[in-house]
Amino acid sequence: MYFQGLAKGLSVTLKHFIQSYTGKTGIEDGERITEPSLGGMFTVEYPDEKLPMYPRFRGALMHLRDPETGEANCTACGLCITACPQDCLTVEGDDGKGKDRRAEAFTYGLSECIFCGLCVEACNFEAIEMSSDYELSSSEREIVWDLERLLAQGDKYDRRQSGEDEEK
Amino acid sequence: MEFLKDLFVNIGLWFSGWLTGFMPAWGVEVVTGFLGAIILVFIGLFAVLILTWGERKVIGRMQDRIGPNRWGPYGLFQPIADGIKMLTKEDIIPTGADRWVHLVAPILVIIPAVLIYAVIPFGDGLRGADLNIGILYIVALSTIGTISILMAGWSSNNKYSLLGAFRAVAQLITYEIPLVLSIITVVLLTGSMSMVEIVENQTVPYMVSMPLVFLVFMVAASAELYRAPFDMIEADSELIAGYFTEYSGMKFVMFFMAEYINLLAMSGVIVTLFMGGWRFFGLEEILPFLNPFIFFAKCAFVIFLFWWTRATFPRIRIDHMLGMAWKALVPIALVNLLLVGLVDKLVEGTLLTSGVLLIVNIIEMVILLAILDKVGGKTRAKTMERVAAQQG
């Protein structure tokens with residue numbers, strides 16, 4: 001029959017209009033529900049709301065601390081520097097030998113980084129990780145983070161410290 | 001209490017009474033007429049603010065989005081922000097443009113849009129003027145807007161603008177006919193072209209007694225307003241922006257405003273002709289000050305219908321659109337006119353007439369669907385045959 005298709009289309013839009021008020025999708029108890037069958041609005045109001053990042057998400061690099069001493073885990077072995085395809089890392093160690101050696105300075109050229117994660121795979125001392133931070137815009141042309149900044153990043157984004165990621 | 005009962009009319013009476021105290025009669029007429037005109041224009045301008053916000057919000061909701069929500073409660077100040085942004089834009093006149101026609105077109109487009117408000121009755125006694133040819137006046141005005149669209153398209157020195165303007169004229173000429181034919185049906189039943197008398201004679205809204213006429217009018221009206229799915233003149237995917245491609249800044253806003261002023265005006269006409277205007281089951285007699293609110297609530301309903309269809313239907317191809325008017329809407333409207341005239345002559349009594357009209361309309365719809373099924377099925381079979389022959 002004619003006009004059936006028109007009526008069907010109208011009913012779909014009206015259903016979505018009503019569901020945008022009655023639907024379940026949205027934020028509930030701090031968690032975003034995205035279940036299409038529940039209906040409702042799917043917009044994430046970005047600056048006010050943020051989607052949780054997955055554990056494997058590769059954002060900016062961060063340095064981790066030893067949970068007991070509170071010092072950086074990095075031993076300045078240089079494995080990450082050889083692994084980096086972009087040559088965006090530099091490291092300087094102190095005079096210590098073997099595992100006692102500690103990094104004195106570390107630079108991370110964020111503007112050159114391609115977030116491949118090879119440096120993290122190369123690291124033998126659980127010293128660096130990719131954080132879930134993706135809001136990295138800056139008004140400077142070259143963004144270079146030093147060790148202090150990287151440790152601060154670690155304090156903010158290390159999942160082991162906040163106990164969110166138990167199985168790791 | 002008596003003053004409050006018919007608040008808006010009484011304010012007007014009190015004001016003109018106060019003026020008579022120190023003014024000659026012609027002075028009172030001039031001042032009240034001038035103030036009334038300003039109020040009517042501002043209804044249109046205020047409608048633009050509310051309607052742009054509402055359209056984005058409603059269509060957003062229908063597409064599972066939020067719509068504007070950043071400035072003000074529920075994003076209500078968004079149109080103001082848009083207006084400020086538009087005011088600061090550069091005003092460009094393209095090379096080779098017909099300068100004066102280009103400048104005058106946006107001003108001319110808004111004048112007929114605003115003038116329609118003069119005859120729309122917002123309530124019992126709340127109207128600009130009670131012309132005895134009110135509806136004819138509206139039909140005449142709604143065509144003038146097209147001249148300014150043609151001016152805009154012609155003067156822009158841009159082929160897309162010109163194409164859009166040509167389409168506008170073709171569309172208007174085509175859809176004016178079913179529109180006027182369904183208006184004639186209403187006028188035939190009422191026996192008057194005055195908007196006020198049309199409302200007063202509608203005990204049963206014509207939308208209920210003549211659903212087919214209402215449908216034809218709605219389709220023709222949305223084509224007349226150049227709204228989706230009939231937005232051929234500004235079909236973004238084909239014509240960039242149609243006739244106002246070359247307009248920027250405040251001149252663009254004028255076209256934009258005219259569109260929305262026309263939208264409210266046309267929904268006001270629909271409410272007056274088919275939904276009983278300010279009347280609502282006798283409520284208008286008990287609380288007359290509610291009249292304009294009833295009127296605007298009905299307008300909001302009609303406008304929601306326009307938004308709803310815009311959010312649902314894709315644009316119709318131009319030959320299909322013109323074909324639909326000539327092959328479907330005009331015959332339906334003509335048959336309707338004939339049948340309504342017959343019923344009006346043969347049946348006595350308002351309620352009985354409405355009932356008979358409803359039955360006639362429903363029978364007509366069933367026959368129409370049967371014919372469409374047969375004709376459409378034949379066309380489809382032919383097309384499928386051709387496609388099969390081409391492939392095989």
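Accessible surface buried by the A/B pair amounts to about 1900 Å², both sides summed, 1.4 Å probe.
For B:Val204 and B:Val9, FRET efficiency with R0 = 25 Å and r from the beta-carbon atoms, rounded to 0.05? The partial results should precede the final answer.
Working: r = 26 Å, r/R0 = 1.03.
So, using R0 = 25 Å, E works out to roughly 0.45.
Compute the label zone of B:Leu334 within the stretch B:220-235: residues whose backbone N is under 20 Å from the point 7 Å along Cα-to-Cβ. Correct set: B:220-221.
If I compute solvent accessible area with a 1.4 Å probe over the protein chains, what percent of it on the stretch B:2-373 is carbon and sulfur? Walk me through the intermediate numbers first.
Numbers: 12900 of 17590 Å².
Reported share for carbon and sulfur atoms: 73 percent.
The gain in end-to-end length when the B:Phe281 to B:Thr143 segment is fully stretched comes to 46.2 nm, 0.36 nm per residue minus the alpha carbon separation. Shielding by partners for peptide B:304-315, expressed as the average number of C-beta atoms from other protein chains within 10 Å of each residue's C-beta, is 3. The residues of the protein assembly as shown expose, per residue, 55 Å² of accessible area to a 1.4 Å probe. Centroid-to-centroid, using Cα positions, the stretch B:106-130 and the stretch A:92-124 are 75 Å apart. When peptides B:166-179, B:370-383, A:111-124 are ranked by their average number of other Cβ atoms within 10 Å per residue, the highest-first order is B:166-179, A:111-124, B:370-383.
Rounded to the nearest 10 square angstrom, A:Trp145 shows an accessible area of 20 square angstrom against a 1.4 Å probe.
For chain A, modelled as a GNM with alpha-carbon contacts under 10 angstrom, which of A:Gly70, A:Gly59, A:Gly78 fluctuates the most? Its mean-square fluctuation being the largest, the pick is A:Gly70.
A 1.4 Å probe over all protein chains sorts B:Met384, A:Met41 by accessible area into B:Met384, A:Met41, starting with the largest. Cysteine residues of the protein assembly as shown whose Cβ has no partner cysteine Cβ closer than 4.7 Å: A:Cys74, A:Cys77, A:Cys84, A:Cys88, A:Cys113, A:Cys116, A:Cys123, B:Cys299. Label positions at B:Ala81 and B:Phe293, each projected 7 Å from the Cα along the C-beta direction, are separated by 3.1 nm. Projected label points at A:Ala152 and A:Tyr21, each 7 Å from Cα along the beta carbon direction, are separated by 4.8 nanometres. Using R₀ = 41 Å, calculate the FRET efficiency as 1/(1 + (r/R₀)^6) where r is the Cβ-Cβ separation of B:Phe301 and B:Val30; round to 0.05. Using R0 = 41 Å, I get an efficiency of 0.65. Roughly what angle does helix A:4-22 make with the longest principal axis of chain A, taking Cα atoms, 0 to 90 degrees, to the nearest 10? Approximately 50 degrees, to the nearest 10.
Determine the gain in length on full extension of the stretch B:Ile92-B:Glu348; use 0.36 nm per residue of separation and subtract their C-alpha separation, reporting nm with one decimal. Present the calculation step by step, with values, prior to reporting the outcome.
Values: separation 256, 0.36 × 256 = 92.16 nm, distance 6.23 nm.
Full-extension gain reported as 85.9 nm.
Modelled this way, with points 7 Å down the Cα-to-C-beta line, the labels at A:Val44 and B:Ala129 are 5.9 nm from one another. Place a label point 7 angstrom from the Cα of A:Ala83 along the Cα-to-Cβ direction, then list the residues of the stretch A:37-68 whose backbone nitrogen is under 19 Å away. The answer is A:55-66, whose backbone nitrogens lie closer than 19 Å to the label point.
Once whole DSSP H runs in chain B are found, which of them have Cα atoms spread over 27 Å or more along the helix axis and a mean Kyte-Doolittle score of at least -0.5? It would help to have the intermediate numbers written out before the result.
Details: long enough: B:25-62 (54 Å, 1.50); B:134-155 (33 Å, 1.65); B:159-190 (45 Å, 1.43); B:249-274 (38 Å, 1.57); B:291-312 (32 Å, 1.14); B:350-391 (59 Å, 0.82).
Sorted by number, the helices that extend far enough and score high enough are B:25-62, B:134-155, B:159-190, B:249-274, B:291-312, B:350-391.
Note on A:Glu121 and B:Arg65: with the Förster distance fixed at 41 Å, the Cβ-Cβ geometry gives a FRET efficiency of about 0.55.
The values are calculated or read from the model by the stated rules, or taken from the named source; none is laboratory data. Since the structure is predicted, the reported quantities are computational estimates derived from the model, not experimental observations. Cβ sites come from the backbone with ideal geometry, for glycine too, and all protein chains shown count toward neighbours. Quick note on the areas: whole protein, heavy atoms, side chains included, nothing else; ligands and nucleic acids left out. Shrake-Rupley method; radii C 1.70, N 1.55, O 1.52, S 1.80 Å.
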